[in-house]
Amino acid sequence: MRVKVAIIGSGPSGLLLGQLLATAGIDTVIIDRASREHILGRVRAGVLEEGTVNLMKQAGVGARMEAEGLPHDGFSLAFDGRDHRIDLFGLTGGKRVMVYGQTELTRDLIEQRESDGRPTIYEACNVAPQGFDSARPFLTYDKDGVTHRIDCDFIAGCDGFHGASRKAVPEKAIRTFEKVYPFGWLGILADVPPVSEELVYANHPQGFALCSMRSQTRSRYYIQCALDEKVDDWSDARFWDELRRRLPTHHAEAMITGPSFEKSIAPLRSFVAEPMRFGRLFLVGDAAHIVPPTGAKGLNLAASDVHYLFTALLEHYQGRSNAGIDAYSAKALGRVWKAVRFSWWMTTMLHRFPEAGDFDQKIQEAELDYLTHSRAAETVLAENYVGLSY
Ligand code: RFL
Ligand code: PHB
């Protein structure tokens with residue numbers, strides 16, 4: 001098989017890149033080690049920046065998102081028993097975010113790709129990007145006991161944090177930066193109406209909590225937990241009790257509970273790999289960087305990488321220049337580091353760190369107090385939350 005761009009990974013970054021390239025007549029194959037069912041069953045992000053929403057529309061897959069997604073003009077910071085609303089719309093001159101599950105976004109992209117008849121190979125083993133330092137890169141993979149080869153002009157490594165692309169790069173060519181946080185998030189999905197129309201980010205002596213949603217009838221809730229917690233030790237009743245404890249009384253009393261149908265623990269990490277291009281191999285999304293979910297930035301950073309790479313490849317194939325390809329890594333990393341900083345800052349401000357002393361605690365309280373009394377500080381938060389421009 002030969003294609004212009006071989007994409008490793010059928011997550012949001014690989015799928016969105018494939019769809020945008022399709023609109024420009026550039027052929028791709030997507031290859032993933034997981035099954036279609038597994039990919040569609042993953043529950044992850046929920047908040048889309050305007051830039052991500054616009055890319056979905058540009059790719060021709062925005063219809064269901066526009067019909068079913070929930071535009072949000074603000075969110076709440078809860079601490080010290082009270083709520084403080086961050087007016088995203090007012091503070092940013094009319095910007096908002098869209099609450100639409102990553103699961104739904106992924107489904108829209110997969111279904112469009114299928115109805116267009118574009119190739120995706122699922123359940124591929126030992127996917128290996130090769131020859132990307134030359135003009136003739138290729139991929140090999142095993143499926144059903146047979147080794148296959150795909151020749152291409154470029155390889156897009158959209159295969160997430162644990163993927164094969166970053167690992168294929170010689171160690172001396174890559175530099176990585178990492179911070180692991182001493183806690184995780186325990187998250188549930190339940191078919192109960194959200195406790196509030198807007199998201200609530202809560203700082204509480206027992207730890208962080210987040211009230212999010214997927215629709216008017218489906219809630220997504222998270223609580224900070226220790227890294228050694230086991231999902232099986234968290235009955236629904238224990239989760240609801242702990243969540244209520246961490247929220248201001250008016251939310252706790254309004255909370256409608258019910259059986260959860262998904263429950264999982266995610267560790268929190270910041271990670272960046274530099275550069276993001278190695279000859280004809282590009283790293284995109286989680287393959288190159290991870291942020292803790294507190295700033296809702298992971299999926300949105302994957303989308304901005306896709307924007308830079310799509311623009312660069314378009315410029316190349318339209319015969320204009322390779323300037324975009326040469327600039328990809330620096331452009332993407334400029335935006336990535338700002339989101340890494342924002343996600344680190346939100347995480348630091350809202351969580352309880354096991355090693356924090358009285359001094360750190362006082363600084364955290366002063367930060368929240370400052371934020372709720374300074375329009376300048378709120379504006380910085382809002383500008384970053386809705387997403388910096390591309
Ligand atoms: P993905 O989604 O991990 O997809 C990678 C794909 O590559 C495949 N793969 C391989 N294929 C072939 N060979 C290999 N060796 C392979 N290894 C892996 C995998 O099967 C998979 O299909 O990466 P991508 O596309 O870059 O997308 C990134 C996002 O998924 C991620 O950043 C977000 O989910 C992060 N995130 C959030 N981001 C937001 O913007 N807003 C949020 O509100 C938000 N909330 C979250 C989050 C992530 C969370 N978790 C579970 C980490 C909340 C949580 C709890
Ligand atoms: C989610 O709805 O899953 C979600 C929302 C906001 C975040 C993280 C996750 O900051």
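The values are calculated or read from the model by the stated rules, or taken from the named source; none is laboratory data. Keep in mind that what you see is a predicted model, and the values were worked out from it rather than measured. When we count neighbours, we look across all protein chains shown, and the Cβ atoms used for this are built from the backbone with ideal geometry, even at glycine. Keep in mind that these areas ignore ligands, DNA and RNA; they rest on the heavy atoms of the full protein, side chains included. Shrake-Rupley method; radii C 1.70, N 1.55, O 1.52, S 1.80 Å.
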For region 83-102, enumerate the residues that are open to solvent by 30 Å² or more (accessible area, probe 1.4 Å) and part of a helix (DSSP H, G or I). Phe89, Gly90
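Quick grid of which residues meet (1) hydrophobic (A, V, I, L, M, F, W, C); (2) more than 16 Å from ligand 2 (Cβ to nearest atom):
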site: His307; (1), (2): no, yes
site: Phe310; (1), (2): yes, yes
site: Ser329; (1), (2): no, yes
site: Leu333; (1), (2): yes, yes
site: Val340; (1), (2): yes, no
site: His351; (1), (2): no, no
site: Asp360; (1), (2): no, yes
site: Leu368; (1), (2): yes, yes
Look at region 37-51 and say how many of its residues are near ligand 1 (Cβ under 10 Å from one of its atoms) and in contact with a strand residue (DSSP E or B) (Cβ under 8 Å, 6 or more places away or on another chain). 5
Here's a check for you: in region 170-189, which residue that is of a type in the set (A, V, I, L, M) and either touching a Leu at 6+ places or on another chain (Cβ under 7 Å) or assigned to a strand (DSSP E or B) (or both) is most open to solvent (accessible area, probe 1.4 Å)? Val180
Set Val43, Val53: member being assigned to a helix (DSSP H, G or I), within 30 Å of Ile265 (Cβ to Cβ) and not aromatic (Phe, Trp, Tyr): Val53
Criterion: at pLDDT below 95 and among the aliphatic types (A, V, I, L, M) - qualifying residue of Val43, Val29: Val43
Would you mention how many residues in region 335-361 are within 21 Å of Val200 (Cα to Cα) and not in a helix (DSSP H, G or I)? 3
Do you know which of the residues in region 306-331 that are among the hydroxyl-bearing types (Ser, Thr, Tyr) and in contact (Cβ under 8 Å) with a residue 12 or more places away in the chain is least open to solvent (accessible area, probe 1.4 Å)? Tyr328
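Here is a yes/no grid of residues against (1) surrounded by fewer than 23 Cβ atoms within 10 Å (Cβ to Cβ); (2) among the hydrophobic types (A, V, I, L, M, F, W, C):
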site: Cys211; (1), (2): no, yes
site: Ile223; (1), (2): no, yes
site: Leu227; (1), (2): yes, yes
site: Arg238; (1), (2): yes, no
site: Arg244; (1), (2): yes, no
site: His251; (1), (2): yes, no
Regarding region 184-197, can at least one residue be identified that is free of Cβ contacts under 8 Å to residues at least 12 places away in the same chain, within 28 Å of Ala34 (Cα to Cα) and away from ligand 1 (no atom under 16 Å from the Cβ)? no
When the residues of region 120-141 are filtered to those that are more than 11 Å from ligand 1 (Cβ to nearest atom) and open to solvent by less than 50 Å² (accessible area, probe 1.4 Å), which remaining residue is nearest to Gly41 (Cα to Cα)? Thr140
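Specify which of the listed residues (Asp159, Asp133) is touching a residue at least 60 places away in the same chain (Cβ under 8 Å), in contact with a helix residue (DSSP H, G or I) (Cβ under 7 Å, 6 or more places away or on another chain), part of a loop (DSSP other than H, G, I, E, B) and away from ligand 2 (no atom under 16 Å from the Cβ).
Selected residue: Asp159, the only one of Asp159, Asp133 that is touching a residue at least 60 places away in the same chain (Cβ under 8 Å), in contact with a helix residue (DSSP H, G or I) (Cβ under 7 Å, 6 or more places away or on another chain), part of a loop (DSSP other than H, G, I, E, B) and away from ligand 2 (no atom under 16 Å from the Cβ).
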Quick check on my filter: what residues within region 1-40 are buried (at least 19 other Cβ atoms within 10 Å of the Cβ), outside any helix (DSSP H, G or I) and hydroxyl-bearing (Ser, Thr, Tyr)? Ser10, Thr28
